[in-house]
Every structure is written in C-alpha cells, then in structure tokens.
1. Give the residue, chosen from F92, F44, that is crowded, with 19+ Cβ neighbours inside 10 Å and either touching a helix residue (DSSP H, G or I) at 6+ places or on another chain (Cβ under 6 Å) or under 26 Å from L236 (Cβ atoms) (or both).
2. Residue check: is H36 within 20 Å of Y242 (Cα to Cα), surrounded by 22 or more Cβ atoms within 10 Å (Cβ to Cβ) and more than 15 Å from the ligand (Cβ to nearest atom)?
3. Name the one entry in Y169, Y257, Y176, Y184 that is modelled with pLDDT of 95 or more, assigned to a strand (DSSP E or B) and in contact with a helix residue (DSSP H, G or I) (Cβ under 9 Å, 6 or more places away or on another chain).
4. Just for the stretch 217-244: of the residues that are modelled with pLDDT of 95 or more and touching an Asp or Glu at 6+ places or on another chain (Cβ under 6 Å), which one is nearest to the ligand (Cβ to nearest atom)?
5. Go through A282, A263 for me and flag whichever is touching a Phe, Trp or Tyr at 6+ places or on another chain (Cβ under 9 Å) and under 26 Å from G206 (Cβ atoms).
6. Can you name the residue in the stretch 264-302 that is of a type in the set (S, T, Y) and touching a residue at least 60 places away in the same chain (Cβ under 8 Å) and is also farthest from S174 (Cα to Cα) among such residues?
7. Scan the stretch 452-508 residue by residue and report those that are within 20 Å of N86 (Cα to Cα) and not in a helix (DSSP H, G or I).
8. Here are some conditions: (1) under 18 Å from the mean Cα position of the chain (by Cα); (2) under 22 Å from H19 (Cα atoms); (3) surrounded by fewer than 20 Cβ atoms within 10 Å (Cβ to Cβ). L267 meets all but one. Which one does it not meet?
Amino acid sequence: MSGKFFVTTPIYYVNDQPHIGHAYTTLAADVTARFHRLAGRDVFFLTGTDEHGQKVAQSAAQNGETPQQLTDRVSQNFRDLTKLMNYSNDDFIRTTEPRNVAAAQALWRAMAKASAPNGQSAIYLGSYSGWYSVRDEAFYDEGELKDGPDGTKLAPTGAPVAWVEEPSYFFRLSAYGDALLALYEAEPDLVAPSSRRNEVKSFVKGGLRDLSISRTSFSWGVPVPGDEKHVMYVWLDALVNYIAALGYPETGAGTKYARYWPADLHLVGKDIVRFHTVYWPAFLMAANLPQPKRVFAHGWWTSEGQKMSKSLGNVIAPQNLVDTYGLDQARYLLMAEVPFGNDGDFSHASAVRRVNADLANGIGNLAQRTLTLIQKNCDGAVPQPGEFTSEDNVLLSAADGLLDKIEDDIRQQAFHEVLRSIWSLVGNGDGYIDAMAPWALKKTDTARMATVLYVLAETLRTLGIVIQPFMPEKMAQLLDLLAVPSDKRDFAALGAANRLKPGTPLPPPQGLFPRIVEAA
Ligand code: MSP
C-alpha cells in the first residue's frame with residue numbers, strides 16, 4: 001500500500017476551554033492518521049487554533065487581557081489537549097502565526113486578481129448592512145432569523161445577532177452557484193454523510209448572496225493587502241490554514257503543498273459544513289487551486305441528555321474523561337458510543353457498561369485468559385502449534401481477513417462499523433476459547449492445547465495491530481505481552497507470513513483493562 005493522506009481538523013476558537021466536542025473531531029482525525037500510517041501511507045495530520053476575529057477580541061476584553069495574551073494562553077490548552085489525548089498530529093497551526101497571515105494575504109491577492117464565472121471581479125469593495133452573529137462568526141439573512149426575548153433577533157443556532165453596517169469587501173459568491181453544484185455532481189464523495197450533501201445542495205440551489213469578507217469596525221485580524229483599514233473575515237483566514245500549513249503560497253515541486261494538497265479529508269462538525277463545502281470550495285475555485293477530496297461532518301455530543309453548557313455545569317472536559325475511564329478507554333468510548341455522523345449522548349452509566357462489556361470482559365478477558373494459560377502451561381513462551389483443524393482455520397482466516405473488512409469503513413468514516421467488525425472477531429475468539437476449552441485440554445491433549453492457544457495468540461496479535469489507531473498505548477502493551485517485534489506492528493505484518501514464532505519467551509501476563517466497579 002502506498003500513497004499520501006492529508007487529514008485535517010477544524011482549528012478551534014480560543015475563546016473556550018477544550019471539551020469533548022473538540023477532543024472528538026481531533027480523535028477521529030488521529031484514528032484516521034494512525035490507520036493510514038500503519039497502512040504505509042505518507043500521512044500529514046494537521047490541527048490548530050483559530051485566533052482572530054471579533055469573538056476572540058471580545059473574550060479578551062471581558063477577561064481584561066489583550067487578544068494576544070488570551071490566544072497564547074488558550075491556544076496552549078489546545079496544544080496540551082493533543083498530549084493528553086495522545087494525538088499524533090504532525091503540525092499545529094495558529095492563525096496568528098506569520099505563515100498563516102502570509103498565506104491569507106496571498107490567497108486574497110489571488111482571488112482579487114480573478115474573475116468570477118460571470119466575468120466580473122471575484123472581489124469588490126462595497127458596504128455591508130445586515131445581521132452578524134459574533135458567537136457564530138457568521139452573517140445571516142433576515143429570513144433565517146428567529147424572534148428572541150424582548151424583540152431581539154436570534155440566529156438559527158440560537159446565537160444573538162446584531163445589525164452591522166460598514167464598508168466591506170465582498171466575495172462574489174452569488175456567481176459560483178452553478179460551479180458548486182457541478183462540483184457536487186462530479187465529486188459525489190466531497191460532502192458526507194449524504195444527508196449533509198443534500199442539505200448543502202439545497203442551500204446552494206436556493207441562491208447564494210455575495211459574502212462580506214472584510215470588516216472595519218475592529219482590528220484583530222489579518223490586514224487586507226492594499227487596504228489596511230480592513231481586516232479579513234475570520235473564516236477566510238481560518239480556512240486558509242489548511243494550505244498555510246503546507247507552505248502556501250510556495251506550491252512548486254518539492255514543497256509540502258505539492259506533496260499533500262489536495263486534502264484527502266477535512267473532518268468538521270455539522271455546524272460548520274457550509275463554510276467548508278460552499279465558501280472554501282468557492283475561494284479555491286477563485287484562486288484556481290484544487291478542491292479537497294472529502295469533507296465529513298460529524299454530529300454533536302450532549303451530556304447526560306442535555307446540551308453542554310457552562311451554566312448547566314455539564315460540560316465534559318477531556319481531562320475528566322481520561323481521569324475517570326483511562327486514556328485509551330476514553331478514546332474507545334468516544335469512537336464506539338455513536339455512529340460517526342450522528343448526534344450522541346455521553347452518559348456515565350453507559351460509558352461504564354461499555355468499558356466493562358467491550359474492554360474488561362471483551363478483549364481484556366480474552367487476552368488475560370489466553371496469556372495466563374500460555375504462561376502456566378506452555379513454559380511462558382509462544383506455544384508450538386500442531387496441524388490446524390477447520391475450527392482453527394475459521395478463526396485464523398477471520399483474523400487474516402479483518403483488515404480487508406474494515407478498510408472501506410475507515411474510508412467512509414464509519415468508525416463505529418470498524419469497531420463492530422473488530423469486536424465481532426473478539427466475539428469469535430471468545431466463542432472459540434469456550435468451545436475448545438484449552439484449560440480442559442491440558443489434562444487430555446497438551447499438543448492440541450498448544451495449538452488452540454497458538455491460534456488464540458495469533459488472533460490477539462491481529463487484534464493488537466488493528467486496534468492500534470483507536471487505543472495505541474493499550475495495544476502496544478498487548479503486542480508487548482505477545483512479544484511482537486516493534487518493526488512487525490504495521491498492517492504489512494498481518495497475515496500468515498508474520499505469524500508468532502513458537503518458542504519466543506513471553507513476559508508475565510498483565511491485565512489490560514480493569515473492570516470499573518461503582519460504589520453502590
Ligand atoms: N474556528 C471554527 C472552525 C474553523 S475551521 C477552518 C470553529 N471552532 S469551534 O471551536 O467552535 O468548533 C470546532 C469544532 O468543535 C467544530 O467542528 C464543532 O462542530 C466541534 N464541536 C463543538 N462542540 C461540539 C459538541 N458538543 N459535540 C461535537 N462537536 C462539537 O467552529
């Protein structure tokens with residue numbers, strides 16, 4: 001297997017402390033990145049923070065800090081999150097870095113030189129009057145608004161909006177509707193899941209308005225080249241991060257841009273689909289740059305059945321998850337609880353059930369039973385198998401076929417399906433150990449016992465390798481317990497050619513996943 005894979009997360013606003021919603025998008029990207037690395041691909045995994053705009057400026061003012069102080073402080077929390085959650089990102093970009101500012105200005109210049117599909121200039125100076133939500137950093141049409149308390153207006157997201165009137169540069173988005181619809185037709189995988197694709201198509205079919213892309217009423221942003229009274233609309237300098245991190249505007253042979261662009265996957269939450277599948281593709285068209293291959297929008301987490309909010313005090317901090325369940329257990333829970341793309345609820349009771357059922361009683365128990373029997377009855381070394389029976393071959397071929405079964409689901413971001421397939425192999429292993437009863441064979445047929453334990457150890461080797469993207473530390477421990485050499489832990493090592501070597505000494509078994517016992 002070869003090729004490259006460029007996966008990105010949204011860059012996070014620095015007005016907020018990281019919570020599970022943020023941890024989630026980056027975790028999905030991390031699982032994807034680790035998977036493709038194990039498959040031998042040249043991966044670039046990017047995350048970062050979105051530091052300009054009115055929202056950050058306002059939060060800083062409320063805290064009595066300068067925007068720079070606030071962004072330095074909060075951006076650090078997001079960098080700490082990458083360590084806490086063991087993300088394997090290759091870069092972390094901040095939109096206030098010179099490389100992002102330079103890329104945003106270069107993209108602006110490229111768009112400013114361009115003509116829109118209707119022949120008019122892609123960017124023009126005008127004046128904006130309309131509704132703006134600072135919380136969403138988004139413009140809304142009058143028709144989209146709902147009535148709020150005391151005659152106020154609210155965005156469809158529930159965020160407050162304010163009337164804005166100021167000189168502004170515009171991007172001629174209205175001229176890009178047909179080109180965008182043609183793009184969605186030509187690239188059916190670009191917007192996923194399909195429910196989002198339909199939503200985006202009908203939004204574009206409804207007609208697009210030109211987009212205000214600069215502001216003059218505050219200064220915390222990237223200056224517009226040639227007219228420095230204006231700062232760019234924060235979403236423009238945010239979206240550009242995906243190419244800024246690759247060194248844009250340097251795009252020649254040998255650059256990171258040439259190696260990794262277009263992105264193979266932009267992972268986003270459902271709230272920011274429009275920015276990534278309408279604005280971003282239109283900006284790229286104007287600048288004559290290739291389109292990303294796929295934008296996948298996941299759903300939102302609630303906490304114990306309710307929307308997470310500071311006032312309800314139910315915001316789940318990633319640190320809390322890790323402290324309560326353990327790092328890899330937390331990673332597993334977030335990926336297994338909810339079909340990726342759907343909304344989901346995080347509840348402690350359900351998390352405890354899942355850790356106990358899938359991890360402690362599932363793979364943990366299978367590993368513990370197998371390794372303890374090997375330790376006690378096979379001199380603590382990989383057993384010597386005899387000839388395989390049809391039952392053995394059924395389990396071994398299920399293990400050998402596992403990667404094939406899940407590759408497509410990884411490409412579709414169906415992480416829960418991937419885990420379901422993997423855990424069905426755990427179930428096969430459980431069924432096999434119960435049916436073969438190696439603990440009984442030790443009295444009647446030690447050669448057969450050795451074969452059964454070998455088949456189980458091989459199944460665990462496969463599980464250890466394939467589960468690594470989800471639970472890297474625990475699976476490294478499992479592979480250590482099986483004495484799998486460190487250069488034989490990638491997907492190329494799966495299958496018959498790299499089976500465990502009989503006679504290899506194994507370390508004493510250790511439990512991988514303790515059961516969570518709740519005080520009554
Ligand atoms: N800064 C923009 C993104 C710019 S990308 C060029 C932004 N930042 S954000 O911090 O508000 O949100 C980042 C991501 O976190 C979004 O994908 C959003 O969907 C996700 N989540 C925020 N709260 C969430 C939940 N409660 N559940 C799941 N994901 C959530 O938008």
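The values are calculated or read from the model by the stated rules, or taken from the named source; none is laboratory data. Not measured: the values here are computed from a predicted model. All Cβ positions, even for glycine, are placed from backbone atoms using ideal geometry, and neighbour counts span all protein chains on display.
1. That would be F44, the only listed residue that is crowded, with 19+ Cβ neighbours inside 10 Å and either touching a helix residue (DSSP H, G or I) at 6+ places or on another chain (Cβ under 6 Å) or under 26 Å from L236 (Cβ atoms) (or both).
2. yes
3. Values: Y257 fails: assigned to a strand (DSSP E or B); Y176 fails: assigned to a strand (DSSP E or B); Y184 fails: assigned to a strand (DSSP E or B).
After applying the criteria, what remains is Y169.
4. Once the filter is applied, the top-ranked residue is A238.
5. Working: A263 fails: under 26 Å from G206 (Cβ atoms).
Only one candidate passes the filter, namely A282.
6. First, the residues of the stretch 264-302 that are of a type in the set (S, T, Y): 277, 279, 302.
Filter once more, so that each one left must be touching a residue at least 60 places away in the same chain (Cβ under 8 Å): 277, 279.
On the way: T277: 15, Y279: 11 Å.
Ranking the candidates gives T277 first.
7. Q468, P469, F470, M471, R489, D490, listed by residue number.
8. (3)
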